[in-house]
Every structure is written in structure tokens, then in C-alpha cells.
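First the structure, in the form of C-alpha cells, and then the observations on it.
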Amino acid sequence: MSENLIALYSNQQTLFGRGSIDQLIPLLAADTQPTLLFCGRSFLNGPAWARLGAALNDRIIGYEIVSHEASPDEIDAWVRRWRGHVDRVVAIGGGSVLDAAKAFSAMMQHPLNTARYLEKVGDTPVQAVTLPLIAIPTTAGTGSEVTQNAVVTDQQHIQVKASLRHPVFVPQVAILDPNLLKGAPDSVLATCAIDAFTHLFEAYLSRKGNLFTQQTALNGLLLFFKAWPDLNRDDERGDAAREAMMMASWLGGVCLSSAGLGVIHGIAGELGAIKPFHHGEVCGRLLFPFLDVLAETEHAEQQRLMAQLGQLLLPDDPAPPALALKAWIQQHAIVPFWLDGPTLSASDVEWIVTRANSKNGWISYDAPTLMEMIAAAWRII
């Protein structure tokens with residue numbers, strides 16, 4: 001067992017439950033200050049906005065619509081537009097919306113352009129300052145509402161997907177309302193959920209982990225197993241599944257902030273710098289070849305952790321735990337997101353492998369293994 005010291009990062013206030021978004025207006029009214037809303041267009045076209053929009057409009061000074069992972073230039077433009085006018089931020093949307101709002105909130109309190117502070121390419125450390133943020137996820141996957149990092153992506157100029165990261169960047173308030181998942185397309189529900197699974201699974205296997213993060217991750221994985229087959233049902237079972245997955249996603253954010261991630265995200269982060277693929281689908285596609293690799297592991301700690309996981313999640317399956325897990329996820333998925341899909345070129349693969357790493361995994365996988373994982377996940381042309 002690792003003796004690593006674990007720090008817990010979490011929201012100062014977390015509101016959880018069906019209909020909990022109704023608490024947003026009272027929260028804003030209790031502390032009146034200039035507030036900017038970040039959201040996705042789907043939220044503005046949905047039932048929650050139809051019900052709360054008029055009251056929310058009275059509490060904000062404007063909004064920004066986010067449709068993709070924000071670039072440094074976009075964040076800098078928002079900061080120029082709103083600096084000196086905004087004291088608080090509300091973010092309602094998927095991971096890209098929440099990350100954009102987190103990055104904006106932080107950069108509003110920093111003097112230099114966003115790229116100067118980015119991991120991988122920046123030359124200046126971030127400071128412990130940010131605007132207060134209320135984060136309300138409308139998908140269950142990234143856990144961005146509880147993580148200390150904001151992902152920023154530039155596919156045009158510097159070709160980087162990297163984070164702004166500091167413990168104070170964890171949103172002060174998270175509102176977790178499973179009802180906001182209702183009506184989402186099956187592909188969105190599935191690919192976001194598999195992102196949550198990957199956060200939990202990689203944090204569980206992390207060499208930085210200990211009993212705290214491993215047990216937290218196992219709790220999240222149990223919730224994932226409960227939710228995964230029923231995410232799109234329009235009944236009480238579906239409501240319970242979406243509730244469980246919202247909790248699993250939040251726990252995944254807690255785990256990754258504490259124990260870090262592994263080779264799946266080590267590849268996905270570099271692929272995301274050059275291709276506009278959905279991050280959850282990328283992680284899900286890479287998960288299955290990684291499980292094939294894991295089934296052959298001779299590393300004692302990986303073997304111990306997988307045996308423990310298999311005994312908890314699939315105790316009656318005689319197959320190796322990694323292969324049993326792969327089969328269960330595929331057999332119970334509401335949509336086979338790993339089939340068909342986009343392609344990569346040989347030069348894309350070379351670019352990714354040259355920059356990818358195994359992050360906090362117990363094994364540092366070599367370039368041929370990384371290439372095999374990528375080739376198993378996408379058709380190479």
C-alpha cells in the first residue's frame with residue numbers, strides 16, 4: 001500500500017439532489033454582486049432555462065456561450081471584455097463550459113495572457129487568486145465542478161491541451177442536479193460517463209494513490225456500475241441512474257485532483273491538442289486497449305489492485321478482472337461509442353506518441369505500446 005500523503009480538494013459548498021438547481025437564484029440573491037453566466041446553447045434551449053431564465057436574467061449582467069474547449073485567445077478576449085465589471089461567475093453546462101468559466105475566473109485576477117500560465121508551455125506560475133464561481137454541470141463526466149484545474153486547448157497555434165491549476169481554482173459552490181441530464185443524447189450520456197469511469201479507474205490505479213483515494217474511487221466505480229446500463233431510461237430507474245452517475249463524476253473529480261491520472265489521459269491530452277474529438281469518447285476508446293494491456297500485467301501492485309476491483313465489481317466472473325471489466329462495459333453500454341468514428345493518420349500517431357506519457361501509472365509504457373493502444377482505438381490511414 002502506498003504511503004503517499006493525500007490532500008483532499010473539494011468545494012466549500014456542494015448542493016446535491018434532483019431539482020437542486022432551484023437553489024441558484026436564492027444563492028445569488030443572498031449575496032448581490034455583478035455576476036457573469038457561462039453556459040452552453042443547449043442549456044438556453046432547455047427546460048431549466050425556460051423555468052428559471054427570467055429570474056436568472058435579473059441576477060446577471062450578461063452571459064458567454066461556450067461551444068467547445070476554450071482556447072487561450074478566447075479566454076483573453078473574455079477577460080478584456082469583462083475585466084472590472086464582474087465579481088462572480090456562474091457556469092452551467094458540460095465540462096468545456098465549466099473549464100472555460102474556471103479559466104476566465106482565474107485569469108480575471110492575473111495580469112498576463114492565459115498562455116503564460118499554462119502547464120507544459122507557460123513561463124509564469126499561477127497565483128492563489130480567482131473570482132468566486134458557482135459550477136453547475138449538465139453532464140456527468142469531467143468532474144470539473146470539483147477539480148482544481150481548468151483545461152485550455154489550442155489546436156491552431158501552439159497545439160497544446162493543458163491546464164491552469166491551483167487548489168483555489170476549485171469552484172466555491174457546486175450544484176449537482178441529476179435532472180439536468182434528462183434528455184441528453186445517448187452518445188453524450190455514454191461518452192461523458194466513460195470519462196468519469198476513466199477518472200475513477202486511473203486514479204484508483206495511480207502510484208500516487210493510497211487507501212483514501214482507492215476507496216473513494218471504488219465508491220465511484222460502484223455508482224458507475226449501478227448507473228451505466230440505465231442512463232437513458234425515462235423512468236425511476238433512469239432517474240436513479242443519472243443521480244448515481246452525477247455522484248460518480250464528482251467523486252472522479254475528487255480522485256483525480258488527489259491521485260492524478262494515467263496513460264489513457266497521457267495519450268488523450270496530446271491527441272486533444274490536434275484533433276477536435278470528444279474527450280470522453282477518446283478516453284473510452286483508449287480504455288479498452290489499455291484493459292487488454294492490463295490483463296497481461298506482471299506488476300504486483302497493478303495485479304493486487306485489479307484483483308481487489310474484480311472481487312468487488314464482478315466477483316462471479318472467472319475471466320481476468322481487466323477483461324471482465326471490458327466485456328461488462330461493452331455489453332451494458334447504451335450506445336457502442338467505440339465503433340466506427342474518426343480516423344488518424346500515421347503522422348498524427350507519431351506526433352501524439354512523441355509527446356504522450358504514462359502520467360501517474362505504475363508502469364511507464366514505451367512508444368510501441370502507446371502506438372498499439374492508439375491503433376486499437378482508431379483506424380490509422
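Structure data summary
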| item | result |
| --- | --- |
| Amide H within-cut-off set for residue 362, under 5 Å, with H built and near neighbours excluded | 207 |
| Test item: Cα-centred dipole of the chain, Lys/Arg +1 and Asp/Glu -1 on Cβ, debye | 680 |
| Reachable aspartates and glutamates from residue 275, criterion Cα separation under 12 angstrom, eight or more residues apart if same chain | 69, 154, 348 |
| Carbon plus sulfur fraction of accessible area for the chain, probe 1.4 Å, in percent | 51 |
| In order through the range 304-316: 3J(HN,Hα) via Karplus (6.51 cos²θ - 1.76 cosθ + 1.60), integer Hz, x for Gly, Pro | 5, 5, 5, 5, 4, 5, x, 5, 7, 8, 9, x, 9 |
| Dipole of the chain, positive direction: furthest Cα of 196, 149, 221, with charges on the beta-carbon | 149 |
| Amide N proximity, the range 61-98 versus residue 121 label position 7 Å along Cα-to-Cβ, cut-off under 12 Å | 71-74 |
| √(5λ) per eigenvalue of the Cα gyration tensor, the range 185-377, largest first, Å | 24, 21, 15 |
| Long-range amide H partners of residue 62 with built H, under 5 Å | 37 |
| Per-residue ³J(HN,Hα) for the range 85-92, Karplus 6.51 cos²θ - 1.76 cosθ + 1.60, θ = phi - 60°, Hz, x for Gly and Pro | 10, 10, 10, 8, 10, 10, 10, 10 |
| Efficiency of FRET from Cβ geometry, residue 301 and residue 345, R₀ 41 Å, rounded to 0.05 | 0.70 |
| Sorted peptide list for 367-378, 330-341, criterion being average Cβ within 10 angstrom, highest first | 367-378, 330-341 |
| Given charges at beta-carbon only (K, R positive; D, E negative), |dipole| of the range 185-377 in Debye | 480 |
| Å³ per residue enclosed by the Cα convex hull of the range 13-180 | 102 |
| J(HN,Hα) series, the range 262-279, from Karplus relation 6.51 cos²θ - 1.76 cosθ + 1.60, nearest Hz, glycine and proline x | x, 5, 4, 6, x, 7, 4, x, 7, 4, x, 6, 10, 10, x, 7, 5, 4 |
| For the range 1-104, accessible area per residue (1.4 Å probe, heavy atoms of protein chains only), Å² | 48 |
| Diffusion constant of the range 87-187 at 10 °C, which comes from Stokes-Einstein with the Kirkwood Cα-pair radius and 1.306 mPa s, µm²/s | 114 |
| Violating pairs (Cα-Cα greater than 20 angstrom) within the set 208/326; 161/326; 102/226; 182/226; 102/182; 161/208 | 208/326; 161/326; 102/226; 102/182; 161/208 |
| GNM top mover of 207, 81, 59 - the chain, alpha-carbon springs below 10 Å | 81 |
| Efficiency of FRET between residue 44 and residue 335 - r from beta-carbon atoms, R0 22 angstrom, step 0.05 | 0.30 |
| Whole-angstrom gap from the range 35-66 to the range 174-224, using each part's C-alpha centre | 26 |
| For residue 176, distant residues with modelled amide H under 5 Å away | 15, 16, 17 |
| Trypsin sites (Lys or Arg not before Pro) within the range 101-140, DSSP loop, no more than 16 other Cβ atoms inside 10 Å | 120 |
| Computed E for residue 380/residue 73 - FRET, C-beta separation, R0 22 angstrom, nearest 0.05 | 0.10 |
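The values are calculated or read from the model by the stated rules, or taken from the named source; none is laboratory data. From a predicted model like this one, the values you see are computed outputs, not experimental measurements. Ideal geometry is used to build each Cβ from the backbone, glycine not excepted, and the neighbour counts take in all protein chains shown. Side chains are part of the model used for accessible areas, which takes the heavy atoms of the whole protein and leaves out ligands, DNA and RNA. Shrake-Rupley method; radii C 1.70, N 1.55, O 1.52, S 1.80 Å.
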